[in-house]
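One structure below.
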Amino acid sequence: MRISQSLRYLSCVAVAVISCASAQSYTTIPEIEVYGQHFFYSNNGSQFLLRGVAYQQNYSPNGTASNTTYTDPLADGSSCSRDIPYLKQLFTNVIRVYAIDPTKNHDDCMQQLASADIYVIADLGEPSISIQSDDPSWDVTLYQRYTGVIDALSKYKNVIGFFAGNENVSAANQTAAAAFVKAAVRDSKGYIASQGYRSTLGVGYATADVPTRNDLAHYFACEPGNSGNSTAIDFWGYNVYSWCGDSNYAASSYGERVQFFSDFPVPVFFAEYGCNVGLPGGPTSRPFTEVQVIYGNMTSVFSGGIVYEWFMGANEFGLVSIDGSSVSTYPDFTSLKNQLQSISPSTTSKAGYKPSNTAPACPSVASTWEAAATPLPPSVNPQLCACAVANLQCNVKSTNADVYGDTFNFICAANSKYCDAITANGTTGTYGGLSGCDAKDQLAWVANEYYVGNNKGASACDFSGVATTQAASTSSGCSSLLQALGTAGTGTVASPTGKGTAAGTGGPASTSSKAAAPGVSIPAFFEHGSMIFVVYIGITFVSMVGMFAL
């Protein structure tokens, strides 16, 4: 926190002058930009070090869809006004949110956060719509979810950017999923550019501390084919819990991480930290001694970190407990406050900084790394999927996703070429032109291939009532897309330029099991499931004085 901002916030709290709050809103707050290996304030070029807190209640983001419900943490202004004064006691300048509802209004919370000089990094997925670790895909449902979140948050200048994935690769046999997440990075960045949203909005990835972490970092930062930065992440988040209790720089492997990332081309920060294991006083007695190192000798490489987490839950990582409008703090809240109050980090000025790090080489496919660097899954184009289905003579009429797996397997086993258009293999880099469509549309294409391949026999478009014949049509704007796709469905189609929520096809598929036909890579089609300013009072003026330390 810059001293001038701290003074302004303190004076606002102390005297409740509304003009103070109005001087800093989500439309006027300085944007945070990425330049080389660091974040900088766009208005004066001073370095931005993240002093963050993970802010989402009852949510466990881990690349799986075990819990399909969530509460949008930015949609309730009263909760934000309750929590922000306490967040400021921790000198918070950024929060990470894991799932927001893009259909809700976020102006109130985002305004309050901006007037408190707090920025946001948001994950793009949500529990039932995210790239699955063991069965990955990048398709229309995901694309529309991701672009919907971007649309909803792009106007707020206190949004630094987005995570296209979180811990999607946690084991060696899940590395192929990285190809689909990197395609999501590419398309999210492309969407931001195509919509004319501000260029300071970044897209990154957050990884767990897994054995493949070095390959992961190189894979997401590499640029095969000298394609500029269209597929590379803009920042890299590490979810690291290796510093437990009174650990040290060597035992925690923090030193190894600094050495590895010393030549990384984009900002790196701890997207989660705060081990609560093996503490004599229990999980809520974290001493947070790592803070002195994170904001000490690591700042030349790392850009700070985000503590996990704000709300107390079953995992006992919470810094506070909430009872209606009441906030109670745990001992580690005080420990964290004291640690952050005592830091005096060295920072870099943008004016005196010249980035020299370059993109790393992409890891090669091997026994420990399964994701091909190129090609990536094709750009998702919802209009293409709609056009392709309308142009078929045999279409799927059933809405029961439970029968889809058996039908896919039957057709693909009959002739694997029927399924070339929907193939998606992250290891070989083999993708059909419709591999980004949702399951129902993919099945329609496959059923039509079977129908045509069997001389359009009356029984060849039925599949126990799943499909039916229709009159093929070509809507306006479809001809060029269908021509690029080709009759085999394996061509490459241009990226979309319209809104991500423009007419797509089919809704989310419900969860079910599936079995692929031998030798055929079937898409993952079951993973989705279907201006008020607040004056902050009640916290003593003395508790805010510590902001001067930063």
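The values are calculated or read from the model by the stated rules, or taken from the named source; none is laboratory data. Owing to the predicted nature of the structure, the values given are computational and were not obtained by experimental measurement. Don't worry about glycine lacking a Cβ; one is built from the backbone with ideal geometry, like all the others, and counts go over all protein chains shown. When the accessible area is computed, the model is the full protein with side chains, heavy atoms only, and any ligands, DNA or RNA have been set aside. Shrake-Rupley method; radii C 1.70, N 1.55, O 1.52, S 1.80 Å.
Just subtract the alpha-carbon distance of Ala488 and Asn297 from 0.36 nm times their residue separation and send over the number in nm, one decimal. Each step should come with its number before you reach the end.
Working: separation 191, 0.36 × 191 = 68.76 nm, distance 5.68 nm.
Working it through step by step, the gained length comes to 63.1 nm.
Based on C-alpha coordinates, I'd like the Rg and Dmax of region 360-430, in Å.
Answer for region 360-430, Rg first and Dmax second: 16.2, 48 Å.
Compute the separation of the alpha-carbon centres of region 127-150 and region 236-307 and state it in Å as a whole number.
Centre-to-centre (Cα) distance: 29 Å.
In whole percent, and with a 1.4 Å probe on the protein chains, what portion of the accessible area of region 306-351 is carbon and sulfur? Present the calculation step by step, with values, prior to reporting the outcome.
Working: 900 of 2140 Å².
Ligands and nucleic acids excluded, carbon and sulfur reach 42 percent.
Over all distinct Cα pairs, what is the inverse of the mean 1/r for region 32-352, reported as the Kirkwood hydrodynamic radius in Å?
Values: mean 1/r = 0.0508 Å⁻¹.
One decimal place: 19.7 Å for the Kirkwood radius.
For region 79-238, count the residues as N, evaluate 2.2 N^0.38 Å, and divide the Cα radius of gyration by that value, please.
On the way: Rg = 16.0 Å, N = 160, 2.2 N^0.38 = 15.1 Å.
Dividing the Cα radius of gyration by 2.2 N^0.38 Å gives 1.06.
Report, in whole Å, the centroid distance computed from the Cα atoms of region 396-456 and region 330-376.
41 Å
How do Glu126, Glu316 rank by accessible surface area computed with a 1.4 Å probe, from largest to smallest?
Glu316, Glu126
Could you please put Lys182, Lys189 in sequence from largest to smallest accessible area, using a 1.4 Å probe?
The most accessible residue leads, giving Lys189, Lys182.
Direction-averaged shadow area of the convex hull around the Cα atoms of region 199-244, nm²? Kindly include the intermediate steps, with their values, before the conclusion.
Details: hull surface 16.0 nm².
For region 199-244, the mean projected area of the Cα convex hull comes to 4.0 nm².
Whole number please: convex hull volume per residue, Cα atoms of region 382-485, in Å³.
Working: hull volume 10.9 nm³, N = 104.
So the per-residue Cα hull volume is 105 Å³.
So what is the accessible area of region 382-485 per residue, in Å², with the probe set to 1.4 Å? All intermediate terms of the calculation are to be shown ahead of the outcome.
On the way: 4270 Å² over 104 residues.
About 41 Å² of surface per residue is accessible.
Which value, in Å² and to the nearest 10, is the accessible area of Asp209 when all protein chains are kept and the probe is 1.4 Å?
Around 60 Å² of this residue is reachable by solvent.
Report, in whole Å, the centroid distance computed from the Cα atoms of region 24-42 and region 182-207.
Cα centroid of region 24-42 versus Cα centroid of region 182-207: 16 Å apart.
Compare Thr501, Thr430, Thr289 by solvent-accessible area with a 1.4 Å probe and give them largest first, with all protein chains kept in place. Walk me through the intermediate numbers first.
Details: Thr501 95, Thr430 70, Thr289 35 Å².
Result of the area sort, largest leading: Thr501, Thr430, Thr289.
Beta carbons within 10 angstrom, averaged per residue: use that to sort the peptides 413-420, 470-477, highest first. The partial results should precede the final answer.
On the way: 413-420: 17.8, 470-477: 11.0.
By packing density, highest mean first, the sequence is 413-420, 470-477.
Measure off 7 Å from each Cα along the Cα-to-Cβ vector at Leu279 and Arg213, then give the distance between these two points in nanometres to one decimal.
Taking the two extended label points, one gets 2.0 nm.
Length gain on complete extension for the stretch Thr399 to Asp134, per 0.36 nm per residue less the alpha carbon to alpha carbon distance? Kindly include the intermediate steps, with their values, before the conclusion.
Details: separation 265, 0.36 × 265 = 95.40 nm, distance 2.48 nm.
Contour length minus Cα-Cα distance gives 92.9 nm.
Taking a point 7 angstrom from the Cα of Lys499 along the C-beta vector, which residues in region 96-115 have backbone N less than 18 Å away?
What the label zone holds, given the 18 Å backbone N cut-off, is 101-107.
Roll a 1.4 Å probe over the protein chains and send me the accessible area per residue for region 32-352 in Å².
Values: 9730 Å² over 321 residues.
Using a 1.4 Å probe on heavy atoms only, each residue of region 32-352 averages 30 Å².
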